[in-house]
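Everything below concerns the one structure shown next.
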Amino acid sequence: MAAAQRERWSSRSGFILAAIGSAVGLGNMWRFSYLASDNGGAAFVVLYLAVTAMVGLPVLLAEVVVGRGSQKSPIRALQHYGGSAWKPLGLVFVAAGFLILSYYGVIAGWTIRYAVIALVTGFGPEVEGAFGGIAQGWDAFGFHLLFMLGTIAIVAGGVKGGIERSAIVLMPLLFVLLCGLALYAATLEGGAPGYRHYLQPDWSEVMSLEIFSKAAGQAFFSLSLGMGAMLTFGSYLGRDNHLPNETLMIVGADVGVAFIAGLVVFPVIFAFGLADKVGESTVGALFITLPQAFASMGAIGRVVGVLFFASLIVGALTSAVSLLEVVVSSTIDGLGWTRRRAAWVMGAIIAALGIPSAWSTNFLGVVDTIANNLFLLGGGLALSVFVGWVMDDPVAEASVGTSGIRWFGLWRTLLRFVAPALLAIALLEAIPSTWQAIVDLF
Ligand code: PFF
């Protein structure tokens, strides 16, 4: 029996927008802001850009190359180029999809809840206390379920009809919303120290392995690398895409959105005298401090609050779609299920896996640490070794659709030596603290 025709993006921009949709998400707005704020401001941003260019970009191209070349979902794609010995890595990718989406959906659920609050009642001064009730328990679980339903519906709609179509609408919307918010933030009196906090480098803080490791983890999370999401999206590409240009656009958009999100968050927080509250916890800036600022803005705070949390929902949705797609595409290819069945069954399992995170933000934080530090950094390390050393002639596959690019040699060198070395350092540095976080939880 001939295999069914593989699904495809309908256009080049469809793929690019869907991949940007995967990359741009809570990571850009929630994680990036607090990491930059906590770890030296602009100095962290510079370090982050360096890791993104030297490791993130080459690994992104590697993932897309493996996907497009094999036309398969992660487990089979790795088997295709590396033999059965590499199948377990594909399984780890799928496991990462389950793990990350289980708590990502909970955080996304909070953002829906906040958008509803902003719309219906506006934020009150008691946001901090209210967050406790919203973040954990039935409330959190209910909104997580709602978010998962939206994610499942899009993935069940297919590559073209669901994933691509939603990204084409949602990504430009997100961009317009964020730029509008950044412009508004620029008009606030007293925002200047916020820009300074964000953009003035403190080099003394960045010169540590710990912060390097955080920057690498953030680069991988933000670009959706190290778990086969970009590989899966690449597998729906035809042979006429110019992959180096497209990966550059994806990275540019991801970094740009993270940067603009910072231009919203910091001036707003500083303008309302809430600076000392930033970085108190991983959820502080976005879910406690910003709503406090919105509360002090009066009526306009409601509008700004709705728009801000709407943009977060949009970003989270297109990212969650790519997480679920890793699991769903593997189920379709591996078990022969229909897309619809795979999306609903796997989506339901992931929703249930979110239960512990919905009832404990501590648990959520630890799963986030494990996913980033171990799964994504480890997955990225394995993948760069795979494409750099195991796959036969990746340059030939990467060149398809281009007129032969000179820096492919550099790409291969980065994949063979630089990325594995830097990722191994980041991973080794992160293991003890990850272990400690797990121990502390119990
Ligand atoms: N890149 C997404 C974000 O920044 O929010 C998160 C993410 C999506 C991570 C997909 C990994 C992934 F495969």
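Using the Karplus relation 6.51 cos²θ - 1.76 cosθ + 1.60 with θ = phi - 60°, the per-residue 3J(HN,Hα) values for the stretch 348-359 come to 5, 5, 5, 4, 5, 5, x, 4, x, 5, 6, 9 Hz, with x marking Gly and Pro. The HN-Hα couplings worked out from phi for the stretch 383-395 by the Karplus form 6.51 cos²θ - 1.76 cosθ + 1.60 (θ = phi - 60°) are 5, 5, 5, 4, 6, x, 10, 9, 5, 7, 6, x, 4 Hz, whole numbers, x standing for Gly and Pro.
With a ≥ b ≥ c the root eigenvalues of the C-alpha gyration tensor of the stretch 139-234, is it rounded (a/c under 1.5), prolate (a/b larger than b/c) or oblate? Note, shape of the stretch 139-234 comes out oblate. Here the calculated FRET efficiency for Leu441 and Phe98, from their Cβ-Cβ distance with R0 = 22 Å, stands at 0.70, rounded to the nearest 0.05. Taking packing as the residue-averaged number of other Cβ atoms within 10 angstrom, the listed peptides 121-129, 242-250 run from highest to lowest as 242-250, 121-129.
Only Cα pairs under 8 Å and 6+ residues apart enter the sum, and on that basis the relative contact order of the chain stands at 34 percent.
Computed from phi, the 3J(HN,Hα) profile of the stretch 334-345 under the Karplus parametrisation 6.51, -1.76, 1.60 (θ = phi - 60°) reads x, 10, x, 6, 6, 4, 4, 5, 4, 5, 6, 5 Hz, with x in place of Gly and Pro.
Computed over the chain, the P(r) curve from all C-alpha pair distances, binned at 20 Å from the origin, holds 27, 60, 13, 0 percent per bin. Positive end of the charge dipole of the stretch 9-136 (Lys, Arg +1 and Asp, Glu -1 on Cβ, about the Cα centre): tell me which of Leu35, Gly83, Val120 has its Cα farthest that way. Sorting the options by dipole projection puts first Gly83.
Which angle from 0 to 90°, rounded to the nearest 10, does the C-alpha axis of helix 165-186 make with the longest principal axis of the chain? Rounded to the nearest ten degrees, it is 40. Placing unit charges on the Cβ atoms of the charged side chains and taking the dipole of the stretch 292-442 about its Cα centre, the candidate lying farthest along the positive direction among Ser357, Ala342, Gly404 is Ala342. Put simply, when 377-389, 96-108 are sorted by average Cβ atoms within 10 angstrom per residue, most first, you get 96-108, 377-389. A simple charge model with +1 on the Cβ of Lys and Arg, -1 on the Cβ of Asp and Glu and nothing else charged puts the dipole of the chain at about 1300 debye relative to its Cα centre.
Placing unit charges on each Cβ (+1 for Lys and Arg, -1 for Asp and Glu) gives the chain a dipole about its Cα centre, and among Trp110, Val385, Ala258 the Cα reaching farthest toward its positive end belongs to Val385. A simple packing score, the average count of other Cβ atoms within 10 Å per residue, orders the peptides 345-355, 33-43, 181-191 as 33-43, 345-355, 181-191, with the highest score first. Give the angle, between 0 and 90 degrees and rounded to the nearest 10, that separates the Cα long axis of helix 209-222 from the longest principal axis of the Cα atoms of the chain. On a 0 to 90 degree scale, this one is about 70. Distance between the modelled labels on Val345 and Leu91, one decimal in nanometres: 1.8 nm (7 Å Cα→Cβ projection). The slack between Arg12 and Arg239, meaning 0.36 nm per residue of separation minus the straight C-alpha distance, is 80.6 nm.
Bear in mind these aren't lab numbers, they're just calculated from the coordinates by the rules spelled out. The shown structure was predicted, so the numbers you read here are calculated from the model rather than taken from an experiment. Virtual Cβ from ideal backbone geometry, glycine too; neighbours counted across all protein chains shown.
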